[in-house]
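These notes concern the structure reproduced below.
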């Protein structure tokens, strides 16, 4: 069956990556639904942002309660009293142990109920921020496990797996949603919309990627303009 005849479930937080994936999925699949997890995250505003974006895209939106994760895996994303720090020899303090494993497992259960064989996620090994559960090998391993556990052929789609942040902005631009993703998404660890607080690791990664992409886009436009002038002069 062709992709444009199938159904997909997008694991959705309302951030830059998952929103880009949502628009990607809408282009690829006949039908798309989204699922967001409420795990007592530090910036709970993401639940509201995710719901708003899903509504604007006319995508059915599921919110599942995973409050137990907050109890099991304290981190800077689940505790306001835990500082956001990065380390060279271990995952940053924003890493939530087991989060993606649980997210994708519960997403698969929901996907089976709604008849979706594709589960779309915005994880990336290129810009994985030190999170081991964003690696390609983990996704492939869990994909096999879910298929065996549920006797169903799921495909976990990772359209951003080998893209850096500049590439993700480029993809959003190609999907014609660049401004929307820039202005309407929430990536900031401190819960600030759009360009965010500018200080947390998520904001720095997002904004550095944005500046890189804008420079590349400007350079391409300049080169295209020069090429057009040359053609006109020599024709």
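In terms of the ratio Rg/(2.2 N^0.38 Å) built on C-alpha atoms, what value belongs to the range 13-56? Let's see the in-between values first.
Working: Rg = 10.9 Å, N = 44, 2.2 N^0.38 = 9.3 Å.
Here the Cα radius of gyration is 1.17 times the empirical estimate.
Taking 0.36 nm per intervening residue step and subtracting the Cα-Cα distance, what contour gain separates residue 183 from residue 155 on full extension?
Additional length available on full extension: 7.0 nm.
Between residue 56 and residue 148, how high is the FRET efficiency from 1/(1 + (r/R0)^6) when r is the Cβ-Cβ distance and R₀ = 35 Å? Nearest 0.05.
Values: r = 37 Å, r/R0 = 1.06.
E(calc), rounded to 0.05, equals 0.40.
Take the Cα pairs of the range 187-226, get the Kirkwood Rh, then feed it into Stokes-Einstein at 25 °C and 0.890 mPa s and tell me D in µm²/s.
Rounded to a whole number, D works out at 221 µm²/s.
Distance from the Cα centre of the range 114-137 to that of the range 151-215, in angstrom?
The two parts, judged by their Cα centres, are 14 Å apart.
Computed from the coordinates by the stated procedures, all read-outs in this text should not be read as laboratory data. This one's a predicted model, so the numbers in the text were calculated from it and none came from an experiment. Note that each Cβ is placed from the backbone with ideal geometry, even for glycine, and that neighbours are counted across all protein chains shown.
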